[in-house]
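**Student:** Can you read through this structure? Questions will come right after.
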Amino acid sequence: MKVLVFGAGVLGSYLAHVLVRGGNDVTVLARGKRAEQLTKDGLVLRHYFQCKNTMDSVKVISELQPDDHYDLIFVVMKYNDFPAVLPILAKNQSQNIILVGNNGDAHEMQKNLLEMSDVRKNILFGFQLSAGIREASGRVIKIHAGGQMVLGSLDGEIPIKHLLEKAFENAKYKLTYHEDMDAWLKSHIVPIVALNSLNYLHDGDLKKVSKDKKLLKQAISVMDEGFQMMEKLDYTITPAGQVDFIRKHKQGVYYGLKIIHKLPFMKFVDGSFSEIAALFNSFDKLKQQANIATPHWDQLQKQAISKFNANV
């Protein structure tokens, strides 16, 4: 199957590796130094938990032309980068697009992409359950117990399910379909903005994060308030158990956060606060609609965004 992975960061690189190993004809869209690395050295991954390195040869392009055709296009990038690529995707003749990553505005993105496109598009949203960092050399250190993507359509049906199954049938990778992908993505944003803000406020010093009792407890309250917003607006929080756990076992969550920030592999979980700032902004609309008090959320957002703006 002819597949394009649009984006060659940590998650895009791993997805391309999986699809190549699954026997697909894979092209990666990358630019600048990253394109040079992939062309010269191939797709080099260090699988952290599996203690092994892999290298795959991939086709590399720097631009998606309107007449380029792919059976599937996986767009793997940060939330704040999606809007810039929507017009490029709209002009391209390929019909099957999967936007992979954090997304606080899935419905609006789908609406804009459909309105700009001259051909009918099947649009899905997905999230790859993994993390890692990319070294200066281009090697990606990948953190995952097993490759998996949660994905779904905003319209209920997944018309390209047979194509997805075919692309991954020979790959060691799990696809999990969700009926309410927008709610799943928003449920995921709540802990993402809370925990990434902790790391950002301590300049990525995880030991300091693990020792900051006040900030860890604030993050727990932030998550609670984020879920309250979603509940007020009748979103189905998934997985539902995380809400009860955070509310009924706050002390346990606190100690869990202390421990996880001390684990060695956490230093390989890379993040961009520009994306977190955009995700905070995406929830501003929900806050206005929910019209409930969110003092801890507001305070953490103000602290983190103020530092981010000062550093820009």
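The values are calculated or read from the model by the stated rules, or taken from the named source; none is laboratory data. Predicted model only: the values in this text are computed from it and were never measured. Virtual Cβ from ideal backbone geometry, glycine too; neighbours counted across all protein chains shown.
**Student:** Would region 196-208 turn up any residue that is farther than 30 Å from ASN309 by Cα and either outside the structural domain of LEU279 (by TED's automatic domain parsing) or touching a Leu at 6+ places or on another chain (Cβ under 7 Å) (or both)? Break it down stepwise before answering.
**Tutor:** Filtering region 196-208 for residues farther than 30 Å from ASN309 by Cα gives none.
Within region 196-208 (the criterion being farther than 30 Å from ASN309 by Cα and either outside the structural domain of LEU279 (by TED's automatic domain parsing) or touching a Leu at 6+ places or on another chain (Cβ under 7 Å) (or both)), the answer is no, since none of the residues qualifies.
**Student:** Assuming LYS285 fulfils every condition listed in (1) at pLDDT below 95; (2) crowded, with 16+ Cβ neighbours inside 10 Å apart from one, which condition is it?
**Tutor:** Condition not satisfied by LYS285: (2).
**Student:** Those residues that are surrounded by fewer than 18 Cβ atoms within 10 Å (Cβ to Cβ), of a type outside the set (S, T, N, Q) and in a loop (DSSP other than H, G, I, E, B), I need them from region 94-137; list them, please.
**Tutor:** Scanning region 94-137 gives ASP118, VAL119, ARG120, LEU129, GLU135, ALA136.
**Student:** List the number of the failed condition for GLY204; all other conditions in (1) at positive phi; (2) at pLDDT 90 or above hold.
**Tutor:** Result: GLY204 fails condition (2) only.
**Student:** Now, a different point. Just to be sure before I move on: is HIS144 in the same structural domain as PRO66 (by TED's automatic domain parsing) and modelled with pLDDT under 95 in the structure I sent? Break it down stepwise before answering.
**Tutor:** Details: in the same structural domain as PRO66 (by TED's automatic domain parsing): yes; modelled with pLDDT under 95: yes.
Against the criterion (in the same structural domain as PRO66 (by TED's automatic domain parsing) and modelled with pLDDT under 95), HIS144 qualifies.
**Student:** Condition (residue is out of contact with any strand residue (DSSP E or B) (no Cβ under 9 Å at 6 or more places or on another chain) and either more than 20 Å from LEU163 (Cβ to Cβ) or without any contact (Cβ under 8 Å) to a residue 12 or more places away in the chain (or both)) applied to region 17-31: is it met by at least one residue? Step through it out loud before you land on a result.
**Tutor:** Step one: list which residues in region 17-31 are out of contact with any strand residue (DSSP E or B) (no Cβ under 9 Å at 6 or more places or on another chain), which gives 23, 31.
Pick out the ones that are also either more than 20 Å from LEU163 (Cβ to Cβ) or without any contact (Cβ under 8 Å) to a residue 12 or more places away in the chain (or both) and you get 31.
Yes, the conditions are met somewhere in region 17-31.
**Student:** Being touching a Gly at 6+ places or on another chain (Cβ under 9 Å), surrounded by 15 or more Cβ atoms within 10 Å (Cβ to Cβ) and assigned to a loop (DSSP other than H, G, I, E, B), is that true of even one residue in region 173-189?
**Tutor:** Among the residues of region 173-189, at least one is touching a Gly at 6+ places or on another chain (Cβ under 9 Å), surrounded by 15 or more Cβ atoms within 10 Å (Cβ to Cβ) and assigned to a loop (DSSP other than H, G, I, E, B), which makes the answer yes.
**Student:** Could you pull out every one of the helices (runs of 4 or more DSSP H) wholly within region 200-249 that has 2 or more residues that are under 22 Å from the mean Cα position of the chain (by Cα)? Before you say what the answer is, go through the steps one by one.
**Tutor:** Values: elements: 206-211, 213-232, 241-248.
Counting at least 2 such residues, we get 213-232, 241-248.
**Student:** Which is among the hydrophobic types (A, V, I, L, M, F, W, C), under 19 Å from LYS186 (Cβ atoms) and at pLDDT below 95, of LEU151, LEU129? Show your work before the answer.
**Tutor:** Numbers: LEU151 fails: at pLDDT below 95.
Exactly one residue qualifies, and that residue is LEU129.
**Student:** Do the conditions hold for TYR235, that is, is it aromatic (Phe, Trp, Tyr), over 26 Å from ASN311 (Cα atoms) and without any contact (Cβ under 8 Å) to a residue 12 or more places away in the chain? Lay out the reasoning, then the answer.
**Tutor:** Numbers: aromatic (Phe, Trp, Tyr): yes; over 26 Å from ASN311 (Cα atoms): yes; without any contact (Cβ under 8 Å) to a residue 12 or more places away in the chain: no.
Judged against the criteria, TYR235 is not a match.
**Student:** Can you tell me which of LEU201, LEU195 is crowded, with 18+ Cβ neighbours inside 10 Å, of a type outside the set (Gly, Ala, Ser) and within 26 Å of HIS47 (Cα to Cα)? Show your work before the answer.
**Tutor:** On the way: LEU201 fails: within 26 Å of HIS47 (Cα to Cα).
Testing whether each residue is crowded, with 18+ Cβ neighbours inside 10 Å, of a type outside the set (Gly, Ala, Ser) and within 26 Å of HIS47 (Cα to Cα) leaves just LEU195.
**Student:** Would a scan of region 156-172 turn up a residue that is under 30 Å from GLY256 (Cβ atoms), in a loop (DSSP other than H, G, I, E, B) and without any contact (Cβ under 8 Å) to a residue 60 or more places away in the chain?
**Tutor:** no
**Student:** If a residue counts only when it is more than 21 Å from ASN96 (Cβ to Cβ), which strands (runs of 3 or more DSSP E) contained entirely in region 1-70 have at least 3 such residues? Break it down into steps so the answer makes sense when it comes.
**Tutor:** On the way: elements: 2-6, 25-29, 43-47, 52-56, 59-61.
Ranges flagged: 43-47, 52-56.
**Student:** Listed residues MET109, MET55, MET116; which is over 29 Å from LYS186 (Cβ atoms) and free of Cβ contacts under 8 Å to residues at least 40 places away in the same chain?
**Tutor:** MET55
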